[in-house]
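J.: I have a structure here, written as C-alpha cells, and I will follow up with some questions on it.
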Amino acid sequence: MKRLGPFVFERRLAPTRAAILGYSLLAILAALIVMSFIFWAYGVSPIKAYSVIGRTTLGSRFGLMEILRRAIPLLLCGVGLVIAFRAKFWNIGAEGQLLAGAVAATWVALFSGVSGPMKLPLMFVLGFAAGAVWGIIPALLKVKLQVNDVISTLMMNYIMAYFVKWLIYGPWRGPTMRGFAYTDLFPRDAWLPLIRHSKVHWPTLVIGIAAAVLAALILSRTRLGYEIRVVGDSPDAAHYAGISFLGVSLWVMLLSGGLAGLAGVGEVAGIHHRLLEPDHVSLGYGYTAIIVAWLARGSPLAAIITSLLFGLIFAAGDEIKVTLQMPFQITGVFNGLILFFLIGVEVFLYWKIRVVRGGKETEWAGKAGS
Amino acid sequence: MGWESWIVDTLRRALAYGTPLLWGTLGEIYAERAGVVNLGVEGMMILGALSAFAVAQSTGNPWIGVLAAAVVGGLAALIHAFFSVTLRANQYVSGLALTIFGLGLSGLLGTSWVGISLKNPLPKATIPGLSRIPILGDALFRDHSYLTYIGLFLAVVLWFVLYKTRWGISIRSVGESPSTADAMGINVFLVRYLCVIFGGVLAGVAGGFLSVEYRPSWTEGMTAGMGWIVIALTIFAAWDPLQAVGGVVLFGGLYHLAYRLQRWFPPEFLKLMPYAFAILVLAVAGLRKVRRGAPAALGLPYVRGQR
C-alpha cells in the first residue's frame, strides 16, 4: 500500500471486469484525443474528421456492413492470437498464416480439379491446414532450437508474402489477366455467398463466431485449455506438473495458425475471388489482430467485440482516405497509440485508488507501517 | 574473376548492406544488456529514415539529416523507455506498439517525399594507410560510407565500454540482477533509460543510412523488416558488440551470395532470403546454445523492494 496526499493505493490481485472495461475505454479515449492533435497538425479539423467517420461508418447501412466485413479476418486471427497469447506464445505471424490459407484456397479454387458443393468446404479445410503448418514451424523451432518466437513468426510473414508474389508473377499468373499480377478469377462455385448489397461473406463470419465460442470452451473446459493456461501463467508449475511444452506449443500454433488461415480463405473466396499482391489480400489484418487479441485480454468471446472496434477503424481509414485525402497509414498511427495507452493503463488495473479524509490519515499511516 | 576480387567484392557488399544492421544491432545490444527488449527497432529505423531524408533534402546537408535521425530515434526510444521502465508495461507489446506507430506515422508524414532522389547523399571515403593492406584494405577501408567506418569503430568502443569500464559493469549488472545493482547504489531506472535511448539513437542513424546513403531516397516501409533482423542478430551475437560485427558481415555476405544466384532463381526467392537467414542464424545459435549469454533480467520490469 502506498499513499500520495489524500490518495491511498492498494494492490489488488485480480482486476475486476468493470475496471478492465473502464480502463480499456479510457485508453481508447486517450488515443482519440492524441489522434485529434494529429488531425489538427495535418490541417484537418478533428471535429470534422470524427463527424465524417461517425456519419460514414456507424451512420449508414453501407458503413456498418464495411465494419462487419473488416471485422471478419480480424476476428478469426484475433481468436487464434488470444489462444497463442494465453500460452505466452508470441505469434506475430498471423499475417503470413492468413496468406498461407489464401494460397491453399486459391489452389483448390483454380488447380485442384474439384468442383461443386464440396469445393468451398475443401477450401476452408486446406486453408486451415496451410495456416496451421505455417504456424507449427515456429512452434517446433521455439521448442527444439530455442528460436525466438517473435522473430520466427515475423520472418515467416515476409517469406510467405514473397512466396505469394512469386506465385502471382510466376506460375500462377492468370493467362486471361492481360499481364497483371493476379491469378485468374475463381470459378463461381468458389465464391462465398454475401449478405445482399454488401461485401460481408457471412459463412466466414459464422465460422469466426463459432471459433470464438469453441476457443472459449477449449480454454475454460478442456484439459488442453488447462494446460495452455498453466504454461502461460507459470512455466515452472507446468514443468513440475509434467505438462509437455512441445505438445502445448504445437496445439496452440496449430489452432492459431489454422484460424488465421481460415481468414485468408474468406478474403480470397469472399472479396477478391483471386490471389493478388499480398498487401492487397490483407491490409495488415494479421498485425492489427495482435491489438484485437491484446484488448480482448485472453477472452476469445471478447475478441468478437474488439474485432468490431478495429473493423470500425479500418472502415474509418477508408473514409479518411477518400473524404479527407489523408493516407490510409493513419490507421497504423491510431492502432499504435491504442496499444500504447492500453498497456499504459494496465498499471492502474492492479491498484485500487481511494480517497482518505484528513481524520483517518493517522490510522492508515499506522497500518502502512505494520 | 579471380578469387581475390571475389572475396573483396563479397566483403565490400556485405559491409555496405550490413552497415544499418550493425548500427541497429549495437544499439539493441545496449538496451538488452540493461534488461530491456525493444521490439520497436523497425519503427525507430523507419522514423529515422524519414527524418534523415526530409532534413537532408531541406537543408542540403546529409549530416544534419543523420543528426535528425539520431534525435528522432532517441525520442521514439524514450516512449518505449517510459512504458517499459516507468510504467513497467509488457516490453514486447510496448515495442510492437512502437513499430506499428512508427510505420504508420512515417507513412502518414512521408507521402510528399516519395519518389524524390536526394540532392546531396552522404559522401564515401577511403582511409589512407589502412586501405593499402592487401585484400582487406580494398574490402574494408576503400570507398565505404563514413557511417560504415564509424559503425566499425563504435563496435570496438562499445565492446570496450561494456567489458572494461565501470559503466559497462553498471549496465551489465542492471541487466543481470537489477536488485543487486540497486543495492550497490546504481540507479537502475536511469541506466535503463539511457541504454534504451542510446539504442534508439543508433537505430535512428541506421534508418538514416538507408535514406541518405544506401538508396538514397525515401519510400514507405523502406526498412523492410531490417529492424527485426537486428533483433535476430542481437541474439546471434550473444549480446556482444564485437560478435555483432561478425554476425553482420556473415549476414551481409550470405545476402550478397544469394544475389549471385539470380541467374538460377526467381527474384522473389532471393528477396525472401534475408528473412530465411534470420531464422537460420537463430536456429544455429540454438544449436550453439548461445542463450547462455542472455542477460538474466531481460524483459523483466524492475520494481524496487520486490523480487
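The values are calculated or read from the model by the stated rules, or taken from the named source; none is laboratory data. Only a predicted model underlies this, so the values are computations on that prediction, with no experimental measurement involved. All Cβ positions, glycine included, derive from the backbone under ideal geometry; neighbour counts span all protein chains shown.
J.: Does region A:98-113 contain any residue that is buried (at least 17 other Cβ atoms within 10 Å of the Cβ), of a type outside the set (A, V, I, L, M) and not in a helix (DSSP H, G or I)? First the steps, then the outcome.
T.: If we filter region A:98-113 for residues that are buried (at least 17 other Cβ atoms within 10 Å of the Cβ), which is where we start, we get A:98-110.
Add one more test, that the residue is of a type outside the set (A, V, I, L, M), and what stays is A:101, A:106-107.
If we keep only those that are not in a helix (DSSP H, G or I) as well, we get none.
No, that holds for no residue.
J.: Can you name the number of the only condition in (1) under 24 Å from the mean Cα position of the chain (by Cα); (2) within 14 Å of another protein chain (Cβ to nearest Cβ); (3) surrounded by fewer than 21 Cβ atoms within 10 Å (Cβ to Cβ) that B:Thr111 fails?
T.: Result: B:Thr111 passes all but (1).
J.: Among the residues of region A:344-353, which ones are touching a residue at least 24 places away in the same chain (Cβ under 8 Å) and facing chain B (nearest Cβ under 7 Å)?
T.: Looking only at region A:344-353, we keep the residues that are touching a residue at least 24 places away in the same chain (Cβ under 8 Å), and these are A:344-346, A:348-353.
Matches in region A:344-353: A:Gly344, A:Glu346.
For (1) assigned to a loop (DSSP other than H, G, I, E, B); (2) touching a Gly at 6+ places or on another chain (Cβ under 9 Å); (3) within 11 Å of another protein chain (Cβ to nearest Cβ), each residue gets a yes or a no:
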| position | (1), (2), (3) |
| --- | --- |
| B:Trp6 | no, no, no |
| B:Leu15 | no, yes, no |
| B:Thr25 | no, yes, no |
| B:Gly43 | no, yes, yes |
| B:Leu50 | no, yes, no |
| B:Trp63 | no, no, no |
| B:Phe83 | no, yes, yes |
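J.: Residue check: is B:Ala232 at pLDDT below 95 and assigned to a helix (DSSP H, G or I)? Spell out how you get there, then give the answer.
T.: Values: at pLDDT below 95: yes; assigned to a helix (DSSP H, G or I): yes.
So B:Ala232 fits the description; yes.
J.: Which of the residues belonging to region B:162-215 are of a type in the set (A, V, I, L, M) and closer than 20 Å to B:Pro20 by Cβ?
T.: Filtering region B:162-215 for residues of a type in the set (A, V, I, L, M) gives B:162, B:169, B:171, B:174, B:181, B:183-184, B:186, B:188, B:190-191, B:194, B:196-197, B:201-203, B:205-206, B:210, B:212.
Of everything in region B:162-215, those that are of a type in the set (A, V, I, L, M) and closer than 20 Å to B:Pro20 by Cβ turn out to be B:Val196, B:Ile197, B:Val201, B:Leu202, B:Ala203, B:Val205, B:Ala206, B:Leu210, B:Val212.
J.: Can you tell me which residue among A:Ile320, A:Ile343, A:Ile353, A:Ile338 is exposed (fewer than 15 other Cβ atoms within 10 Å of the Cβ) and either in a helix (DSSP H, G or I) or of a type outside the set (Gly, Ala, Ser) (or both)?
T.: Numbers: A:Ile320 fails: exposed (fewer than 15 other Cβ atoms within 10 Å of the Cβ); A:Ile343 fails: exposed (fewer than 15 other Cβ atoms within 10 Å of the Cβ); A:Ile338 fails: exposed (fewer than 15 other Cβ atoms within 10 Å of the Cβ).
Among A:Ile320, A:Ile343, A:Ile353, A:Ile338, only A:Ile353 is exposed (fewer than 15 other Cβ atoms within 10 Å of the Cβ) and either in a helix (DSSP H, G or I) or of a type outside the set (Gly, Ala, Ser) (or both).
J.: Which one is farthest from the other protein chains (Cβ to nearest Cβ) among residues in region B:247-306 that are surrounded by 19 or more Cβ atoms within 10 Å (Cβ to Cβ), of a type in the set (Ser, Thr, Tyr) and assigned to a helix (DSSP H, G or I)?
T.: B:Tyr255
J.: Take region A:164-181 and flag every residue that is in contact with a Phe, Trp or Tyr (Cβ under 7 Å, 6 or more places away or on another chain) and either loosely packed, with under 13 Cβ neighbours inside 10 Å or more than 10 Å from every other protein chain (Cβ to nearest Cβ) (or both). Lay out the reasoning, then the answer.
T.: Restricting attention to region A:164-181, the residues satisfying the condition of being in contact with a Phe, Trp or Tyr (Cβ under 7 Å, 6 or more places away or on another chain) are A:166, A:168, A:174, A:181.
A:Gly174, A:Ala181, listed by residue number.
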